[in-house]
Amino acid sequence: MAITKQQVVDALKQIIFFAKKDNIVDLNMVQDISIKGKEIKVTIVFEKLDDPAVGIIYNSAVKALKSELGDDITVDVKPVADDAPGPLSGVKNIVAVISGKGGVGKSTVAANLAVSLAKSGNKVGILDADVLGPSVPIMFGVEDGQPKVIEKKGKPVLLPLENYGIKILSIGFFVKPEQALMWRGSMANNAFNQLMTDSDWGELDFLVIDMPPGTGDIQLTLAQNYNIRGAVLVTTPQKVAAADVRRAAMMYRQEKLTIPLLGIIENMSYFTPDDMPDKKYFIFGQGASDQLANELNIKVLGRIPIDAKLSETGDKGMPLSLVDGSPVSKAFTEIAQKLKTEITKL
């Protein structure tokens with residue numbers, strides 16, 4: 001009886017690629033199957049040919065095919081490297097915006113930083129990774145938006161929304177505003193990975209990631225699984241805020257999680273009355289951010305003044321950095337330039 005392609009496929013389905021917790025057929029690793037009499041040729045695609053799993057799967061494929069179809073068959077298994085570009089291959093710089101605690105304006109900083117980078121001629125995207133408190137859709141005026149899904153190579157892929165020339169994705173697009181996300185760490189991780197890799201980001205100079213506060217699962221996933229250009233720390237002038245962001249910074253300074261720290265952005269730094277533009281009132285104190293920068297041997301990239309318009313414009317879906325000439329816009333323009341300078345030093 002002639003050997004059929006379905007018989008070969010069924011035999012290969014027995015082989016599990018344990019790193020991805022599925023069989024090599026369902027993972028689309030089996031590229032070509034050729035059958036001539038009792039001679040079977042199979043091409044199996046791997047991300048890297050130096051992966052130790054290549055040899056294991058090679059031997060398993062030969063063994064499975066002979067076991068199912070007979071010892072008298074000839075099996076030729078050819079491992080090849082996947083030369084298709086990865087989902088983030090068009091992104092030049094991934095920059096994580098992190099904080100040690102909530103309430104320091106991290107999302108506001110991330111949104112305005114993305115706008116300032118785009119205004120200086122860069123192609124920019126922003127990913128809202130704060131899956132338990134997504135706010136980026138509101139800040140960009142796209143909270144009612146729904147990303148389209150297209151198919152690429154038989155796989156569904158998300159198309160980010162766009163506003164102000166910036167590509168935008170957030171878990172907030174897929175949950176109702178009143179819905180509370182009671183997710184365990186693995187569920188949040190899966191959502192984060194899908195937004196990162198099951199999306200068509202295209203060509204970007206910068207992908208700004210608004211990270212959740214703290215040092216949890218998503219921070220570990222980011223550090224271990226993705227090529228991050230660097231992290232920006234957001235804090236406020238209080239010592240307690242600096243102490244929290246210090247812990248978040250040291251997480252990325254561990255030996256196996258090293259991500260460059262690009263600098264500190266001090267939010268709510270000072271207040272300047274409209275009728276006294278030369279005055280600065282340091283309502284929340286001074287010095288904590290500079291002390292932290294010295295400890296970490298990094299720079300303070302900039303200080304954002306207290307301005308009611310910053311939150312007002314964010315609530316209206318138009319980040320204040322879009323308005324030329326405001327003190328906040330000027331501060332973010334300088335921060336964006338300093339950020340690019342720090343990246344060129346890496």
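Taking the numbered list (1) more than 23 Å from the chain's Cα centre (by Cα); (2) under 25 Å from Asp205 (Cα atoms) in turn, Gly317 passes all entries but (1). The lone criterion from (1) over 16 Å from the mean Cα position of the chain (by Cα); (2) modelled with pLDDT of 95 or more; (3) surrounded by 22 or more Cβ atoms within 10 Å (Cβ to Cβ) left unmet by Ala114 is number (1). Applying the set (1) among the small types (Gly, Ala, Ser); (2) under 29 Å from the mean Cα position of the chain (by Cα); (3) surrounded by 14 or more Cβ atoms within 10 Å (Cβ to Cβ) to Ser89 leaves exactly one unmet item: (3).
The number of residues in region 26-44 being surrounded by fewer than 17 Cβ atoms within 10 Å (Cβ to Cβ) and not in a strand (DSSP E or B) comes to 5. Scanning region 306-319 for residues that are in contact (Cβ under 8 Å) with a residue 12 or more places away in the chain, touching a helix residue (DSSP H, G or I) at 6+ places or on another chain (Cβ under 8 Å) and more than 21 Å from Phe282 (Cβ to Cβ) turns up Gly314, Asp315, Gly317, Pro319.
I want to confirm something. Restricting to region 1-25 and keeping residues that are part of a helix (DSSP H, G or I) and among the charged types (D, E, K, R), which single residue is surrounded by the most Cβ atoms within 10 Å (Cβ to Cβ)?
Step one: filter region 1-25 for residues part of a helix (DSSP H, G or I), giving 5-12.
Going one step further and asking which of them are among the charged types (D, E, K, R), we end up with 5, 10.
On the way: Lys5: 11, Asp10: 14.
So, considering only residues that are part of a helix (DSSP H, G or I) and among the charged types (D, E, K, R), the one surrounded by the most Cβ atoms within 10 Å (Cβ to Cβ) is Asp10.
In summary, helices (runs of 4 or more DSSP H) completely within region 45-157 and bearing 2 or more residues that are in the same structural domain as Gln238 (by TED's automatic domain parsing) occur at 106-119, 136-139.
Does region 54-80 hold any residues that are small (Gly, Ala, Ser) and surrounded by 13 or more Cβ atoms within 10 Å (Cβ to Cβ), and which are they?
The answer is Ser60, Ala61, Ala64.
When the residues of region 320-346 are filtered to those that are farther than 17 Å from Ser120 by Cβ and in contact (Cβ under 8 Å) with a residue 12 or more places away in the chain, the one that is surrounded by the fewest Cβ atoms within 10 Å (Cβ to Cβ) is Leu346.
Residue count for region 194-248 satisfying the condition of being assigned to a helix (DSSP H, G or I), of a type in the set (A, V, I, L, M) and within 22 Å of Asn297 (Cα to Cα): 7.
The values are calculated or read from the model by the stated rules, or taken from the named source; none is laboratory data. This one's a predicted model, so the numbers in the text were calculated from it and none came from an experiment. With ideal geometry, Cβ positions are generated from the backbone for all residues, glycine too; neighbour counts draw on all protein chains shown.
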